[in-house]
Structure formats: C-alpha cells, structure tokens
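Working notes, structure below.
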Amino acid sequence: MNEGVGIKTQIDRFGKRITLLVTAVAGAAMLMSSMSLTAKATEGDTEGALGSAALGQAIPGASEIDTGTSLESVAKEESTEQEEKTVHKPVQNNKLDFGGWNLTSTLDGHYYAQGVPGIVMLDYEFNIRSQANMSPVEFFYVATWDITQDTAPLAVNTFRIVAQSQNALLGPIVQININKTISGKWYSLEGNPATVRTMIGIPEDFRAQGANFAVVCVKAGGVFEIMPDTDSYDSTVTINAKVGDAAYALIRY
C-alpha cells in the first residue's frame, strides 16, 4: 500500500468520525433543549408561564419558539389587561354644574371626595398667594376625600355632637387639606392664617326647600367652628376654608 494513500485514508476516516461526533453532539443538544422545553410546558399551564413572564421572569427557551407573536408581547398585553382590571383610578371631583354655571377649581390637587357633587376653590392662586405669605415659586395643592363612620369614627362622632347641639341634621363629611408645593415637594400650611373661598355641592338627597345650611369645620384636637353659608344657591354652600388640614361637614337646619 502506498504510504501517502494510507495516510489520506486515515485522515478521511478521522474526519468522518469528527463529523459524526459533532452531529451526534448537536442532535443531543437539540434533544435536551426539546426535553427542557417540554418539561417546562408540563410543569404548569400556559397561563402560569405567561404569568411568570409578566412578573419579569424569563421563560427558558422561549426565544427558540417561533409562534409568529413573541411571548414577551403576549405577556405584556396580559399584564396590562390585568393592571387595568385591578388598579382603581380615582375620579377628580373638582367641578360644579348648577344654574347655568360650570365651575372648575382654580387650585391644583387631588379632589377625590365623592360624597358631595363637587368641591371648587373659587380664589385664584395669584390673589391669595400674598395672603398666605407664599413666594412666586410656591403653589397651592388641595387634597380632598370622604370621611365615614368606618374610616374615621371619632371625627364623625364629633360632628354628630356638634350637629345635635345646633338642632341640625348632619350631612356628608369631607376632608379638605390645602397646603403647598415647592419644586414638586409637598409642605404643610398648618397654622397659616390664610383662607380660600370654597364652594361645596349639596347632594340632592340632602337638599330641602326653604332649609338653611352651614358647614362645621373641625381641626386637629377637636377644635370646631360653625361656618355660615355665604352664597344664595340651593344646591351649594360657600365658605372660607382654612389652609392646612381640616374636616368639614354639611349641616341642615
């Protein structure tokens, strides 16, 4: 046998062995990948897998599956739909429509009290900034929400006692906090002597023809003040609300 031919034959055989070995390794890798994906699929249902993706956890081997739509986009869609179902977005209640008037509060804030038809600040910010001794870079910020027997029983009991002492009927109670922001940061105006002309809507089921209305203001510590209604409308009351934090209740005589 020619020595050169023998060496060539050995090289060819060695090359074939390498090719077979590489093919076998590649096949085993594909099989292992397939088995891994199958195992993941059987560990939980599809919703569970997409749920883990929605939480920011990658699905092993997902990039190897061509479904026409990426699992990432499906997970994002499901996550968005779930958030829309579970996240409650409060509705701003900073408008009043009555007698041909359409009013919107002049001060920014979160007007989340829903127990009254609306709460509107009537004073413009530039008119009352000096009264509150605020600089041009400081802005008023209002926060309102409902007060109920379940959320604040002591406050409700205080209002009930005051209403009884005036032989009046107790109506809805709301928290109205008027404070300030500077460069996006919140600061208290508690103790500041400024007031803001504020109009509160009277719910239809609390109105009565010929009735008189007033507002009871309770500050921290139970100190209260009865504020007369200064407007002539049957569906609203207007008071000079104190800046800082206070709770307010409508009463009817």
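What follows draws every value from the coordinates through simple rules; no lab data is involved. Only a predicted model underlies this, so the values are computations on that prediction, with no experimental measurement involved. Please note: Cβ atoms are built from the backbone with ideal geometry, for glycine as well, and neighbour counts cover all protein chains shown.
Which one is farthest from ALA132 (Cα to Cα), of the residues in region 205-217 that are surrounded by fewer than 21 Cβ atoms within 10 Å (Cβ to Cβ) and touching a residue at least 40 places away in the same chain (Cβ under 8 Å)?
In this case the residue turns out to be ALA208.
Residues are listed down the side, and each one gets a yes or a no for (1) free of Cβ contacts under 8 Å to residues at least 60 places away in the same chain; (2) within 30 Å of the chain's Cα centre (by Cα):
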site: ILE161; (1), (2): yes, no
site: GLN164; (1), (2): yes, no
site: THR181; (1), (2): yes, yes
site: GLY184; (1), (2): yes, yes
site: TYR187; (1), (2): yes, yes
site: GLY191; (1), (2): yes, yes
site: ALA194; (1), (2): no, yes
site: ILE202; (1), (2): no, yes
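Find all pairs meeting these conditions: Cβ atoms under 7 angstrom apart; at least six residues apart or on different chains; first residue within region 230-241 and touching a residue at least 40 places away in the same chain (Cβ under 8 Å) and part of a strand (DSSP E or B); second residue surrounded by fewer than 19 Cβ atoms within 10 Å (Cβ to Cβ) and among the aromatic types (Phe, Trp, Tyr).
If the second residue must be surrounded by fewer than 19 Cβ atoms within 10 Å (Cβ to Cβ) and among the aromatic types (Phe, Trp, Tyr), the pairs left are THR236/PHE98.
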